[in-house]
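Worksheet for the structure shown next.
The values are calculated or read from the model by the stated rules, or taken from the named source; none is laboratory data. Remember, predicted model here, so these are calculated numbers, not experimental data. In this analysis, Cβ positions are derived from the backbone assuming ideal geometry, glycine residues included, and neighbour counts consider all displayed protein chains. For the accessible areas, the whole protein counts, side chains as well, though only heavy atoms, and no ligand, DNA or RNA atoms are used. Shrake-Rupley method; radii C 1.70, N 1.55, O 1.52, S 1.80 Å.
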Amino acid sequence: MTTTTTTTASLSSIPQEVLEHIAFFAATSDFLGPPDGLIPLLSVDHRTYDALSMSSNPYLWSRIFKYKFDLSAPLSRLAARDREIGPSEICEELKLRCTLLSRIRRRTDCHAGSLIISPTHRDALRSILWMAYLMMLENEGKNSKQLQDYAHFDGWLKDFLFHPEGASLAALSVKDDLWPPDDERSALALWLFWYMFKPEEYRPPPPPSLTDDPDDCEFRKVSGILKVFALGAHQYSLCCPPWNEFSPPSRVRGGSAIKHFGHPLKIAPPTAAPSAILAYLTLADKLSVSWDTIHYMKPPSAMPPSLSPRMSSSEWDAEWMRGVHLADTSKPLGAAFSGAFIPGSLEGVWEGLFTYTEFTAYAALLSGAPPTVLQRSLVAHHPHLWKLREHHLYASDEPGTTSDVWSISPGNPLRGYIPNGSQVRETSEGLEIKEPGQADAVLYRSWSSLQTEDKKPKGKLVDIFVTGEGHSAWGQFNLVGRVRPCDGFISLSKEYVDGDRGRWLYRGYMVGNADGNLSGRWRDTLSPPEVLGYEGCFVMSRRR
């Protein structure tokens, strides 16, 4: 009693600013996890509690948040949407993160006993996955440490996606000859898996006669599920809105209403396919000739974000802008560039691979075959190299002025959104495009020509064309296409020089920025755009 009385008396004589300094030190003595070191101090007496509690001293707790989590990206991104983040909003986010990180650490929610998940379980999964996804979009190093080193979220995520009873229901579905759900939970989890992916943790299998190794089973289990999401083009869309609409008339997929830093936020979840393709092909690149893959030479694999020497939230600015723009019903969807594409990010030399599946197996899938047919099918991998150039069109954004610049009309989706019959000529200044029925050509300035100080673009960006050339084992080819303004979706028509290999369409997203990768699918151009075609996937990385 005497000791407690003495401690209380001692604390009561301490000035407020000194007490806050002691509290901050206690809360941050351990970087990882909730600020549990502050609990004993809050329990001393009513005066100390009133001086340090979250309700009476949100400034202290916002400082604790800033010590434990990354804050610069949410401050700037939400400010751009007229959402102010003050100490009270930061405190609310701190409470949410501490609660959910502790829940992840207990592995409470990552398993499901059946294909039916209760509403309570669904709500918990939704909260966890959205919190983790936004934390990784805002990551500068602190967020990923809290998720991985404290909550062990990478292990939670593997169980959720790949465990025989994982709550993604992927393995349970395949076991019953059903396709895994194409839902928000699966999409968020697959993107998070790519953000935290460490290929060295997966050992490729030995020859088929020596496959009793448990690590081999883990490799097969993970790559088998990823293969379904990556190559099942008829089940898992590459993008939303649909790929064949350059200027979608409306938002065909509603955004998710969540809370972020105390503010309501409407954001569209990403589609599952781009991240699944990246992870699947990165794993497949570890193989030579194996149980489901034939390699014809081996290009360098895509670099996962976890292996990048830089760790910056700016790497994911486009992903954030895509999500909020697609869900924002207050603005036209396809009228202007949304920030979901970083100008200049395609410029340069890219190398990677494309895959194709046995045609008979793919035809069976389109006729209703179960996912096990895809898991057992052989997939051929071919390396290819691209050299790409961007060409931009800018219009005046001065108030009260009418722009005399008109972009090329939305065109044939099977030819990279270029109108049929257009004349395309590339010069040192850029790309001249003349539409049928138009008197004059439109000049799109090349990205390289815009980099000199006296030619910096003025006004707003209204259109981007992409040209290039490349080669693979099948021969040389030319590339031409366009970037969709509303979501940064890239569509390129690939035509072989000799003509014997025909024309193919490559569509996908830039995943990341400075260390980003191109991820997407190709398809044939003989099938009409409104029907399912023959498709494979591809990944490209900047030549290092």
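Please specify each residue of region 164-179 satisfying the condition of being crowded, with 20+ Cβ neighbours inside 10 Å and free of Cβ contacts under 8 Å to residues at least 60 places away in the same chain.
166, 167, 168, 169, 170
Taking into account only those residues within region 321-340 that are part of a loop (DSSP other than H, G, I, E, B) and at pLDDT 85 or above, which is farthest from residue 271 (Cα to Cα)?
The residue in question is 337.
Can you name the residue in region 131-143 that is in a helix (DSSP H, G or I) and closer than 20 Å to residue 267 by Cβ and, of all such residues, is farthest from the chain's Cα centre (by Cα)?
Within region 131-143, the subset in a helix (DSSP H, G or I) is 131-137, 142-143.
Right, trim to closer than 20 Å to residue 267 by Cβ and you get 131-137, 143.
Details: 131: 14, 132: 13, 133: 9, 134: 11, 135: 13, 136: 10, 137: 9, 143: 17 Å.
Selected residue: 143.
Among 480, 531, 462, which is over 24 Å from residue 305 (Cβ atoms), modelled with pLDDT under 95 and either of a type in the set (Phe, Trp, Tyr) or outside any loop (DSSP other than H, G, I, E, B) (or both)?
Being over 24 Å from residue 305 (Cβ atoms), modelled with pLDDT under 95 and either of a type in the set (Phe, Trp, Tyr) or outside any loop (DSSP other than H, G, I, E, B) (or both) holds for just one of 480, 531, 462, which is 462.
Of all residues in region 73-119, count the ones that are touching a strand residue (DSSP E or B) at 6+ places or on another chain (Cβ under 9 Å), aliphatic (A, V, I, L, M) and under 22 Å from residue 157 (Cβ atoms).
Residues flagged as touching a strand residue (DSSP E or B) at 6+ places or on another chain (Cβ under 9 Å), aliphatic (A, V, I, L, M) and under 22 Å from residue 157 (Cβ atoms) within region 73-119 amount to 2.
Looking at this structure, is residue 428 surrounded by 15 or more Cβ atoms within 10 Å (Cβ to Cβ), of a type in the set (S, T, N, Q) and free of Cβ contacts under 8 Å to residues at least 60 places away in the same chain?
No, not satisfied.
How about region 341-364: which of its residues are buried (at least 19 other Cβ atoms within 10 Å of the Cβ) and assigned to a loop (DSSP other than H, G, I, E, B)?
Hits for region 341-364 are 341, 345, 346.
Could you list, in sequence order, the residues of region 499-528 that are part of a strand (DSSP E or B), farther than 19 Å from residue 280 by Cα and touching a residue at least 60 places away in the same chain (Cβ under 8 Å)?
Result: 503, 505.
I need every pair where a residue in region 313-337 that is open to solvent by less than 60 Å² (accessible area, probe 1.4 Å) has its Cβ under 7 Å from the Cβ of a residue that is of a type in the set (Phe, Trp, Tyr), sequence separation at least 6 or different chains.
Final answer for the pair search is 318/341.
Among the residues of region 492-533, what is the count of those that are touching a Ser or Thr at 6+ places or on another chain (Cβ under 7 Å) and either open to solvent by 20 Å² or more (accessible area, probe 1.4 Å) or of a type outside the set (Val, Ile, Thr) (or both)?
Kept after step one, since they are touching a Ser or Thr at 6+ places or on another chain (Cβ under 7 Å), are these residues of region 492-533: 503-505, 507-511, 513, 515-517, 533.
The next check asks that each one be either open to solvent by 20 Å² or more (accessible area, probe 1.4 Å) or of a type outside the set (Val, Ile, Thr) (or both); those that pass are 503-505, 507-510, 513, 515-517, 533.
Result for region 492-533: 12.
Using the structure shown, decide if residue 115 is buried (at least 21 other Cβ atoms within 10 Å of the Cβ) and of a type outside the set (Lys, Arg).
Criteria not met by residue 115.
Report whether or not residue 417 is modelled with pLDDT under 95 and open to solvent by less than 10 Å² (accessible area, probe 1.4 Å).
Details: modelled with pLDDT under 95: no; open to solvent by less than 10 Å² (accessible area, probe 1.4 Å): yes.
The answer is no for residue 417.
Could you tell me which of the residues 85, 128, 117 is touching a helix residue (DSSP H, G or I) at 6+ places or on another chain (Cβ under 7 Å), part of a loop (DSSP other than H, G, I, E, B) and hydrophobic (A, V, I, L, M, F, W, C)?
Step by step, each of 85, 128, 117 is checked, and only 85 is touching a helix residue (DSSP H, G or I) at 6+ places or on another chain (Cβ under 7 Å), part of a loop (DSSP other than H, G, I, E, B) and hydrophobic (A, V, I, L, M, F, W, C).
May I ask you to verify whether residue 379 is in contact (Cβ under 8 Å) with a residue 60 or more places away in the chain and either assigned by the TED database to the domain that holds residue 235 or among the hydrophobic types (A, V, I, L, M, F, W, C) (or both)?
Values: in contact (Cβ under 8 Å) with a residue 60 or more places away in the chain: yes; either assigned by the TED database to the domain that holds residue 235 or among the hydrophobic types (A, V, I, L, M, F, W, C) (or both): yes.
Yes; evaluated as a whole, the condition is true for this residue.
Yes or no: residue 127 at pLDDT 95 or above, of a type in the set (Ser, Thr, Tyr) and open to solvent by less than 10 Å² (accessible area, probe 1.4 Å)?
no
Out of 288, 313, report the one residue that is among the polar types (S, T, N, Q) and at pLDDT below 85.
288
Given the conditions (1) under 24 Å from the mean Cα position of the chain (by Cα); (2) outside any helix (DSSP H, G or I); (3) surrounded by fewer than 19 Cβ atoms within 10 Å (Cβ to Cβ); (4) not β-branched (Val, Ile, Thr), report the number of the one that residue 109 does not fulfil.
(3)
Going by what's in this entry, would residue 481 be described as closer than 25 Å to residue 522 by Cα, surrounded by 15 or more Cβ atoms within 10 Å (Cβ to Cβ) and among the small types (Gly, Ala, Ser)?
Answer is yes for this residue.
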